[in-house]
Amino acid sequence: KQEVTQIPAALSVPEGENLVLNCSFTDSAIYNLQWFRQDPGKGLTSLLLIQSSQREQTSGRLNASLDKSSGRSTLYIAASQPGDSATYLCAVSTGANNLFFGTGTRLTVIP
Amino acid sequence: KAGVTQTPRYLIKTRGQQVTLSCSPISGHRSVSWYQQTPGQGLQFLFEYFSETQRNKGNFPGRFSGRQFSNSRSEMNVSTLELGDSALYLCASSLDRALSYEQYFGPGTRLTVT
């Protein structure tokens, strides 16, 4: 069964700092990997989708990489802002056609 | 384009009752998936519907069921509610089978069972 782990569980950084969130998965047979953010009590907002054949995707200050063979993905956030404070979740899509989610990293950006 | 909508947003039910949650996907999306989110278990997949057919089901008891209509709207039903069913229920839609397409989530329905 696919297991997805995110490290660290929580992270506090001062505003303006660059940061990296990590995601690892046990089964490399994935179709894609998606990064989401979730604000308290809210639904998920899709940030980036990386297909299994891709190595990275970029959107604004966000850059996500995927190393399928080693079962790892990173989400890089440049010049962090207080509005980036949220829980970040990664999820992998498998042949079973559902998403397996990590436990999330709760990010706090301190003004 | 309107996003994924879920109704109701909040529900309070008592043990033993049943509940129906509704999800309207983004226009043109044919796949709808349901997830349960709890503090202890995180996000867990319930089931996926595509073209009115359940394509995949997670590891939940038969009390959890769903259906999809011809307009792609989906409903989820939970019968004989238990305290442990208290959770945020999220639905997600995608253009086609969720395998390779980005999934878009609704705001969720917060169910509290007392």
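Overview of results
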item	result
Karplus-derived 3J(HN,Hα), 6.51/-1.76/1.60, for each residue of segment B:55-65, Hz, glycine and proline x	9, 7, 9, x, 8, 10, x, x, 5, 9, 9
A:Ser70 versus B:Thr112: modelled label distance in nm, points set 7 Å from Cα along the beta carbon direction	4.6
Percent antiparallel among DSSP beta bridges (both partners in the protein assembly as shown, rounded to 5)	90
Hz values of 3J(HN,Hα) by residue in segment B:78-91 - Karplus curve (6.51, -1.76, 1.60), Gly and Pro given as x	10, 9, 6, 4, 10, 4, x, 7, 4, 5, 9, 9, 10, 10
Distance in nm between pseudo-label sites at B:Gln41 and B:Arg63 (7 Å out along the Cβ direction from Cα)	1.1
Rounded D (µm²/s) - chain A, Kirkwood Rh over Cα pairs, Stokes-Einstein at 25 °C, 0.890 mPa s	176
Peptide A:32-45 - average C-beta neighbours from other chains (10 Å radius)	4
Highest average packing first - B:64-74, A:7-17, B:39-49, Cβ atoms within 10 Å	B:39-49, B:64-74, A:7-17
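Each reported figure results from applying straightforward, stated rules to the coordinates on display, with no laboratory input. Everything quoted here is computed from the prediction, not taken from an experiment. A quick note on method: Cβ atoms are made from the backbone with ideal geometry, for glycine too, and the neighbour counts reach across all protein chains shown.
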